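Novice: Let me begin by handing over the structure; questions about it come next.
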Amino acid sequence: MARSDSTLSGIERTFGSDEVIVSKTDVKGRIIYANQVFLRLAGYSEAEVIGQPHSVIRHPHMPRAVFKLLWTTIQSGKECFAYVVNRSKNGDHYWVLAHVTPTFDSKGEIVSYHSNRRVPRRDAVAKVEALYAELLDIETKNPDRKQGMETAYQALNDKLQALGVPYDEFVFAL
């Protein structure tokens, strides 16, 4: 289901401040639940997304380094907040403030992940877009895709270290 930039419409979708996008994935990131708000914004039916990787809605302008940070955080058992731009099936996009948490079984093992997404503040999106463009530029300039992501991930961590804050605090300070 990978798509290129040529499938981008340039149209931004929005949702109500009282709405919450909810999805759950298994430990490998495959969707096991999506609420109606998710389905409406993403433009998919439930049958189209269940069992698919959550990256089915990944926007190509979203730096892979941010997803590396998110996955590293949640796989360690911690929650993560992040601004994310997603892509709808038809190429539209929508920004969210995501809160992703691991779900544990009775033995303390992670069995799934749960994500709630709310409407982000527009001023914060404007600030994060600049950072994400910078990280994406680092990723795409490297001919080795994995090395590009690692270099951007290090640049993100260096920026956070210079600010003296973890990513969640950076997100809330925007």
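Any read-out appearing in this document is the output of simple, stated calculations on the displayed coordinates, not a laboratory observation. Quick caveat, the model's predicted, so the values are computed rather than measured. Cβ sites come from the backbone with ideal geometry, for glycine too, and all protein chains shown count toward neighbours.
Novice: Treat every Asp and Glu Cβ in segment 5-173 as -1 and every Lys and Arg Cβ as +1, leave all other atoms uncharged, and give the resulting dipole magnitude about the Cα centre to the nearest 20 debye.
Specialist: Charge dipole of segment 5-173: 200 debye, to the nearest 20.
Novice: Here's a follow-up. Among the listed pairs K24/K68; K68/K107; K89/K141; K28/K146; K68/K141, give every one whose C-alpha distance is greater than 21 Å.
Specialist: Long pairs (Cα-Cα over 21 Å): K68/K107; K89/K141.
Novice: Given segment 5-173, what percent of its DSSP beta bridges are antiparallel, to the nearest 5? Walk me through the numbers on the way to the answer.
Specialist: Working: 26 of 27 bridges.
Antiparallel bridges make up about 95 percent of those DSSP assigns within segment 5-173.
Novice: Can you tell me the order of 78-88, 143-153 when each peptide is scored by its average per-residue count of other Cβ atoms within 10 angstrom, highest first? Kindly include the intermediate steps, with their values, before the conclusion.
Specialist: On the way: 78-88: 19.8, 143-153: 15.4.
Going by the mean number of other Cβ atoms within 10 Å, highest first, we get 78-88, 143-153.
Novice: Using only DSSP helix segments of four residues or longer, with each worth -39500 (n - 2.57), what per-residue ellipticity at 222 nm results for the chain after dividing by its residue count and rounding to 500?
Specialist: Here the helix-only value at 222 nm equals -12000 deg cm²/dmol.
Novice: Expected output is a single nm value to one decimal: the length gained when fully extending between E79 and A162, i.e. 0.36 nm times separation in residues minus the C-alpha distance. What is it?
Specialist: Residue separation times 0.36 nm, minus the Cα-Cα distance, leaves 27.7 nm.
Novice: Which net charge results for the neighbourhood of G16, defined as the other residues with beta-carbon distances under 13 angstrom from its beta-carbon, given Lys and Arg at +1 and Asp and Glu at -1?
Specialist: +2
Novice: Output the DSSP H helices from the chain with an along-axis C-alpha extent of no less than 18 Å and a mean Kyte-Doolittle hydropathy no less than -1.0.
Specialist: 122-141, 145-163
Novice: In segment 5-173, with Lys and Arg counted as +1 and Asp and Glu as -1 at Cβ, which of these residues, V128, V171, Y83, has the Cα nearest the positive end of the dipole, that is, farthest along it?
Specialist: Farthest towards the positive end: Y83.
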